Each structure stands twice: as C-alpha cells, then as structure tokens.
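A.B. asks: My structure is below; once you've seen it, I'll send some questions.
Please treat every number below as a calculation from the coordinates, not as lab data. Predicted, not measured: the structure shown is a model, and the values here were computed from it. Please note: Cβ atoms are built from the backbone with ideal geometry, for glycine as well, and neighbour counts cover all protein chains shown.
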Amino acid sequence: MRAWAVEHPGPIDSEPVVLVDRPDPDPGETEVRVRVQACGVCRTDLHLAEGDLTPRRPGVIPGHEIVGVVDALGSGAGRFGVGERVGIAWLRRTCGACRFCARGDENLCLAPRFTGWDDDGGFTELAVVDERYAYRLPDVFADAEAAPLLCAGIIGFRSLRRAELPPGGRLGIYGFGASAHLAAQVALAEGAQVFVMTRSPPARALALELGVAWTGDTFDAPPDRLDSAIVFAPAGELVPAALAALDRGGTCAVAGIHLSDVPALRYQDHLFQERQLRSVTANTRADGEEFLAIAARIPIRPSTTLYDFDEVDRALADLAHDRVTGAAVIRVSGA
C-alpha cells in the first residue's frame, strides 16, 4: 500500500513527510481493517511532522480523522461487517484498568495509544483499528464531511463542554480553523451568542456566514463580556487576552495538544472574580458518540478544502501557512 510517513521531523517546508510503500496490514484479533476513503488533516499532524510532538516510533504514518469501509475482520471481531463504513479517531486504545479509566475519564488514561502517533494513521490506503474504538458514522455526512468530525469535531465539542457555556451565553472563540468552525455550529444551535477573534479574513467571512454575532482580529476585544472562551489557535499569548475578556465567573478552555508558552498572568486582571482556565486532553469515546449524534441532528456542515492523496505534503504546508479555511481533507479513494 502507499502511505505518507514522517521520516525526519522538521519545518514543513523541509518535506518531513514523504510518500512510501508499505506492506498491507493484517487486522489483529479484535481489529478491523479499513480501506480508507478520506482522512482529515489535523493541526496535530502538523505538530508531529514538524517535531513539536515527538513521533513515538520512526516512520509513523500520521492522520487520525479516518473514514473508510471495513474490508477485513480479525478472528475475534464482530461489531462491524465487511462493507460497513466506519470512522477511526485520535483515541486508539486505553488500558481500561487505571484509576482514570475506572472512573470514566479514559481521556486521562495512564497508558493510552493514539492514531497516527503511537500507531499508523490514515494518510494511507489501508488502516487497522481495534473495533471497540471505531465509530459508526451518520449517513447524513459524505466521507469528506465526516472526516473532520472525528477529531476537529470531537475535540471542539469537548472544549465547548469544558468551557461551561451557560444556556444562551456569550462564547468567544480565538482562532477559527477546522475545530473552531464545528464547535461554533454546536454553540449556535444551542442558542449561544458567538464572537470570533482571528487574523484570517477568509475565516472571519466563514464565521459570519455560519451566523456568529461578531468577528474581529486576533487581539480585538469582543463587544460584550464573555461567559466562556475557547482558545483554538496554538498561541499561548492568546490566553491572557481570552481571560481578560471573560465576565465574572467565566471559563476559558484551551483546546490544543500543543501550545506556545503562556505569558505571565496578572491575577487581578486575568483570574480574580472566579475566572477559570482549563485545558482539554483528548476525548472519551462517549464524547465522540454524543458529538456525532448532535452533529447529525443539527446537522453540522463542515467547510472543507479537498486534496488528492498525492498532495498530503501540500495540505500540511497550506495548514502551516494559514492557507486553509475550514478543514483540510485528503481524498484517498472515492471521497
């Protein structure tokens, strides 16, 4: 099979991701093998390629927003049938035994595995996954629409819940890429007033098209105090700005797996009056199931930029240089 692998992590313009040939994988006992139709391009893939996240093994294949069709079953697999469409997401395996798994917080598992980091992901023609960590996908979404839901969507949804937005509240979103434009649609559907801060004029235009109340540049102050804020851009300098924009008792959630350093906070300006700062770490499978059901009910409409399979390197470069509006998606076959 053909695949894109991280050979030598470094700046994206140094071509750290290369096209290689790999043997077709065989599914393990409880695994299914999936013929990949589409795979979303997440900023985490970019962090992996550039070395902000150290690859867990040499030559790993990135990609963790995978949509495909089951084409082979392991000996103990029976949750899905051959020919069924499934999704493979970032959370690939948890131990099921640690104190966090036992209390239902498997996103904090002490021995997790992640797709496209610990094990090969979806920038390839064939992928395998433990069937317990795969998702059935709502029919309302085409392959290329479903792909970004599997990380950008799920993580955006968890970030929204971590931000504790009250009913009808005011939400500030900092950065407006793949995850943010999906989370905004959930918040709007739930009756929130949404304010978007981003340096990208096309992203501001997309936000207004989706129905947000106001858009501004990265560090512009929103017109009203915020009940909640989510920092999606991987820029630590946005955290003080988001905290300063919160009303009393407001909560700021930081959505990324990687963030540049956060500048010193001033207690009186940023945290006093019971403002909260929270991080977001991966997701649980329950998050994924709940989000996909909500996304289908709304229904969410992802904005996608499509790339052919031989353009994975270009897609990552476009993401690095802020040339993607919405979500980048690789068409592997049939998407």
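A.B. asks: Kindly list the number of the only condition in (1) farther than 27 Å from Leu243 by Cβ; (2) under 15 Å from the mean Cα position of the chain (by Cα); (3) among the β-branched types (Val, Ile, Thr) that fails for Ile298.
C.D. replies: Unmet condition: (2).
A.B. asks: Exactly one condition in (1) surrounded by fewer than 23 Cβ atoms within 10 Å (Cβ to Cβ); (2) over 30 Å from Leu126 (Cβ atoms) is false for Glu289; which is it?
C.D. replies: (2)
A.B. asks: When the residues of segment 132-162 are filtered to those that are acidic (Asp, Glu) and crowded, with 20+ Cβ neighbours inside 10 Å, which remaining residue is nearest to Gly78 (Cα to Cα)?
C.D. replies: Within segment 132-162, the first condition is being acidic (Asp, Glu), and the residues that meet it are 139, 143, 145.
Subset that is crowded, with 20+ Cβ neighbours inside 10 Å: 143, 145.
On the way: Asp143: 23, Glu145: 26 Å.
Restricting to residues being acidic (Asp, Glu) and crowded, with 20+ Cβ neighbours inside 10 Å, the top hit is Asp143.
A.B. asks: Could you list, in sequence order, all residues of segment 212-221 that are over 22 Å from the mean Cα position of the chain (by Cα) and part of a loop (DSSP other than H, G, I, E, B)?
C.D. replies: Ala213, Asp217, Phe219, Asp220, Ala221
Condition check ((1) within 27 Å of Asp143 (Cα to Cα); (2) touching a strand residue (DSSP E or B) at 6+ places or on another chain (Cβ under 9 Å); (3) surrounded by fewer than 20 Cβ atoms within 10 Å (Cβ to Cβ)) across all residues:
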residue	(1), (2), (3)
Arg22	yes, yes, yes
Asp26	yes, yes, yes
Val36	yes, yes, no
Cys39	yes, yes, no
Leu46	yes, no, no
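A.B. asks: Report yes if some residue within segment 178-188 is outside any helix (DSSP H, G or I) and out of contact with any Phe, Trp or Tyr (no Cβ under 6 Å at 6 or more places or on another chain); otherwise report no.
C.D. replies: Pass one, segment 178-188, residues outside any helix (DSSP H, G or I): none.
Within segment 178-188, none of the residues are outside any helix (DSSP H, G or I) and out of contact with any Phe, Trp or Tyr (no Cβ under 6 Å at 6 or more places or on another chain).
A.B. asks: Same structure, new question: Of these, Thr304, Thr251, Thr281, which one is in contact (Cβ under 8 Å) with a residue 24 or more places away in the chain and more than 14 Å from the chain's Cα centre (by Cα)? Step through it out loud before you land on a result.
C.D. replies: On the way: Thr304 fails: more than 14 Å from the chain's Cα centre (by Cα); Thr281 fails: more than 14 Å from the chain's Cα centre (by Cα).
From the options Thr304, Thr251, Thr281, the qualifying one is Thr251.
A.B. asks: Filter segment 62-115 down to residues that are of a type in the set (Gly, Ala, Ser) and under 30 Å from Asp313 (Cβ atoms), then give me how many there are. Before you say what the answer is, go through the steps one by one.
C.D. replies: Going through segment 62-115, the residues of a type in the set (Gly, Ala, Ser) turn out to be 63, 68, 72, 74-78, 81, 83, 87, 89, 96-97, 102, 104, 111.
Now drop any that are not under 30 Å from Asp313 (Cβ atoms), which leaves 63, 68, 72, 87, 89.
Final tally of qualifying residues: 5.
A.B. asks: Find the strands (runs of 3 or more DSSP E) located wholly in segment 44-161 whose residues include 1 or more that are touching a Leu at 6+ places or on another chain (Cβ under 9 Å) and among the aromatic types (Phe, Trp, Tyr), and list them.
C.D. replies: Details: elements: 66-73, 85-88, 91-93, 126-130, 134-136.
So the answer is 134-136.
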